[in-house]
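Structure, as structure tokens:
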Amino acid sequence: MARRRPKRTDLNGWIVVDKPAGMTSTDVCNRIKRLSGGARIGHGGALDPLATGVLPVALGQATKTVSWAMEGSKVYRFSLRWGEARDTDDADGSITGTSAVRPDADSIRRALPAFTGRIMQAPPRYSAVKIGGRRAYNLARAHEEPDLPPRPVHVIELRLERRLDDDVAEFTAETGKGVYIRAIARDLAAALGTVGHVCALRRLRVGPFRVEDAITLEELEALAHIGPESVFLLPTDRSLADIPALSVSEQEAAALRNGQALRLFSAGDLSRIAGFHDGMTIRARMGEVLIAVARYESGTVRPVRVVNP
């Protein structure tokens, strides 16, 4: 039996990939795993095969911060084709209905406020939502009708950019966690008395990760190797850029890595914790090195997720 190659442990950080159409997020991660020589891999929010754009990929210790990356807001540019309903709510699916209604720009703009703010949204039938331990898309493929009740989500902004023609309109959306752009397209079309689906989707940002920072798979594969010195490898705590930082000493870092809490009550500590409030999530750093994601409570910092060098 062939011996399994040990996982690489010296490669830690984030790569922002500009995902191409036609690939799953898992496909992209598998490519990067091969290029990295077997580093631990995770991603900060899946994209449908149809979609392109920002896919933040975590390597090594950065995988411990994936959950915080997924909490960040996301920005999408998408095109909605009116007049055709698809079973997947995007262009990859089969046509399930048609309509001759084509909304004009004024009608579209008047409808948008109902789809912004805190809204209720039913996920698409073909989605990764689990129902009784099974993914909704597996139930749909087995010709079972998944029960997908509406759930609360947050759409920060939804803006009509332009009508490309009578059949297609282009939008920009900024969303919170768990929003399906395909469901926005489906429901917006219904609100306008027609049917529709997403025919193009590009993610422009995930939290602090921007499309301007992205590298294509072709560019990565042309390099043939990903190492700790790679200029496109971003720091482990880049996904935590919006979380307040606490500078810690070497002794305090050792304590946090051992799961011990820090009690910061001395006069000298007051400037370090200025602006912190009870229940706040913070990142503890020694110089430029992330030590832990922690929780602050009444002068005490307790590690939630420890990052090893």
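The values are calculated or read from the model by the stated rules, or taken from the named source; none is laboratory data. Since the structure is predicted, the reported quantities are computational estimates derived from the model, not experimental observations. Counting neighbours? That spans all protein chains shown, and the Cβs are built from the backbone with ideal geometry, glycine included.
Odds and ends about this structure:
- Flag if residue 236 is polar (S, T, N, Q) and closer than 23 Å to residue 64 by Cα: yes
- Test: residue in region 90-110 that is modelled with pLDDT of 95 or more and within 21 Å of the chain's Cα centre (by Cα): yes
- Meets criteria (of a type in the set (Gly, Ala, Ser), modelled with pLDDT of 95 or more and farther than 30 Å from residue 281 by Cβ) for residue 51: no
- Residues of region 118-163 that are of a type in the set (Gly, Ala, Ser), surrounded by fewer than 16 Cβ atoms within 10 Å (Cβ to Cβ) and over 22 Å from the mean Cα position of the chain (by Cα): 132, 133, 142.
Matching residues to (1) touching a Phe, Trp or Tyr at 6+ places or on another chain (Cβ under 7 Å); (2) under 30 Å from residue 307 (Cβ atoms); (3) among the aliphatic types (A, V, I, L, M):
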residue: 62; (1), (2), (3): yes, yes, yes
residue: 70; (1), (2), (3): no, yes, yes
residue: 88; (1), (2), (3): yes, no, no
residue: 99; (1), (2), (3): no, no, no
residue: 111; (1), (2), (3): no, no, yes
residue: 133; (1), (2), (3): no, no, no
residue: 138; (1), (2), (3): no, no, no
residue: 141; (1), (2), (3): no, no, no
residue: 144; (1), (2), (3): no, no, no
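- Being outside the structural domain of residue 57 (by TED's automatic domain parsing), touching a Lys or Arg at 6+ places or on another chain (Cβ under 8 Å) and of a type in the set (A, V, I, L, M, F, W, C) is a description that applies to residue 261.
- Among (1) in contact with a Lys or Arg (Cβ under 9 Å, 6 or more places away or on another chain); (2) within 30 Å of residue 12 (Cα to Cα); (3) loosely packed, with under 14 Cβ neighbours inside 10 Å, the one test that residue 166 misses: (2)
- Looking across region 286-305 at every residue that is surrounded by fewer than 18 Cβ atoms within 10 Å (Cβ to Cβ) and among the β-branched types (Val, Ile, Thr), the one that is farthest from the chain's Cα centre (by Cα) is identified as 300.
- Among the residues of region 278-309, the one identified as over 18 Å from residue 61 (Cβ atoms), touching a helix residue (DSSP H, G or I) at 6+ places or on another chain (Cβ under 8 Å) and touching a residue at least 40 places away in the same chain (Cβ under 8 Å) is 301.
- Summed over region 220-270, residues that are polar (S, T, N, Q), more than 23 Å from the chain's Cα centre (by Cα) and outside any loop (DSSP other than H, G, I, E, B) total 2.
- Only one of 45, 97, 93, 53 that is in the same structural domain as residue 191 (by TED's automatic domain parsing), touching a Lys or Arg at 6+ places or on another chain (Cβ under 8 Å) and touching a residue at least 60 places away in the same chain (Cβ under 8 Å): 93
- Screening 210, 283, 205 for residues that are buried (at least 17 other Cβ atoms within 10 Å of the Cβ), within 21 Å of residue 19 (Cα to Cα) and not hydrophobic (A, V, I, L, M, F, W, C) leaves exactly one candidate, 205.
- Inside region 21-78, residues that are under 15 Å from the mean Cα position of the chain (by Cα) and at positive phi make up a count of 2.
- Count of region 64-77 residues, restricted to those that are surrounded by fewer than 19 Cβ atoms within 10 Å (Cβ to Cβ) and either free of Cβ contacts under 8 Å to residues at least 40 places away in the same chain or hydroxyl-bearing (Ser, Thr, Tyr) (or both), is 2.
- Residue 112 being in a helix (DSSP H, G or I) and hydrophobic (A, V, I, L, M, F, W, C): yes
- Among the strands (runs of 3 or more DSSP E) confined to region 116-202, the ones with at least 1 residues that are modelled with pLDDT of 95 or more and aromatic (Phe, Trp, Tyr) are located at 168-175.
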